[in-house]
Amino acid sequence: PPSGNLAAYNAYLQGNFQGARGGHDGLEKSFGLYEEAIRLDPRYAYAHARLAQALMVDASVFLSGEQFKAAAMRAQRHIDAALKLDPKLAQAHIARGQMLMSRDLDWRGAERAFLTARQLAPNHSDAISALGQAVAALGRSDQAIALQHRAVELDPLDVPSHYWLSIYEAGRGNLGEAERLIEKAAELQPGAVQGTA
């Protein structure tokens, strides 16, 4: 954390752990832990960005209507805070791109946000995986597959990258590879509802 507060860092790491567990319960637990990290260190841009991401994953998978809108508004406040604290933080631009995809359905805007994140952190597996999702939605499946393969190469334990790559491979008719990838995702995170943690 910016202040060097180890209690804030510990809360942040626990938030990551809970969020990675998947499911509504894990995500809800992560909210409180990220908020604790921010309370202990108000300049913790990374905690703001990760809280925004967790809120949008939860909203996209488990919420609708007014609950979705309320979660998105809350996430937007944390994205704004993260970008204000650190405009060059790749994770903040990833969170912004996810908001553009989930709330606004603005795939081109999301692609620009993810490209910015990748420019700031060229080997950031989250940025590469998210960029793959955006270009897939824009119809560029070969590029999406290449990006997801790179994300898996950079972080072999990342469940969402395996999940999205399995979808893209299935869409191309590579069902054996898709099955292998989804089985790997299930092995890595058996309790996951889907691969968007």
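The values are calculated or read from the model by the stated rules, or taken from the named source; none is laboratory data. Worth saying up front: this structure is predicted, and the values here are computed from it rather than measured. Methodologically, a virtual Cβ is constructed for each residue, glycine included, from the backbone with ideal geometry; neighbour enumeration extends over all protein chains shown. SASA here: full protein model, heavy atoms, side chains in, ligands and nucleic acids out. Shrake-Rupley method; radii C 1.70, N 1.55, O 1.52, S 1.80 Å.
Of all residues in segment 1-53, how many are within 20 Å of A117 (Cβ to Cβ) and among the hydrophobic types (A, V, I, L, M, F, W, C)?
So the count comes out to 6.
Can you name every one of the helices (runs of 4 or more DSSP H) wholly within segment 97-167 that holds 1 or more residues which are among the basic types (K, R), under 24 Å from R74 (Cα atoms) and open to solvent by 40 Å² or more (accessible area, probe 1.4 Å)?
Correct list: 107-120.
For S30, all conditions in the list (1) at pLDDT below 95; (2) within 23 Å of P1 (Cα to Cα); (3) among the hydroxyl-bearing types (S, T, Y) hold save one; what is the number of the exception?
Status for S30: all satisfied but (1).
Can you pull out every residue in segment 59-75 that is among the small types (G, A, S) and open to solvent by 40 Å² or more (accessible area, probe 1.4 Å)?
Those that are among the small types (G, A, S) and open to solvent by 40 Å² or more (accessible area, probe 1.4 Å): S60, S64, G65, A70.
Output the residues belonging to segment 3-21 that are closer than 10 Å to A54 by Cα and among the small types (G, A, S).
If the condition is that a residue be closer than 10 Å to A54 by Cα and among the small types (G, A, S), then G15, G19, A20 are the ones that fit.
Taking the condition of being within 14 Å of I38 (Cα to Cα) and either in contact with a His (Cβ under 6 Å, 6 or more places away or on another chain) or open to solvent by less than 30 Å² (accessible area, probe 1.4 Å) (or both), how many residues in segment 76-94 meet it?
Matching residues across segment 76-94 total 4.
Can you find, within segment 22-55, the residue that is most open to solvent (accessible area, probe 1.4 Å) among those that are of a type in the set (K, R) and not in a loop (DSSP other than H, G, I, E, B)?
R39
When segment 168-185 is examined, which residues are found to be charged (D, E, K, R), open to solvent by 60 Å² or more (accessible area, probe 1.4 Å) and farther than 22 Å from V57 by Cα?
R172, E179, R180, listed by residue number.
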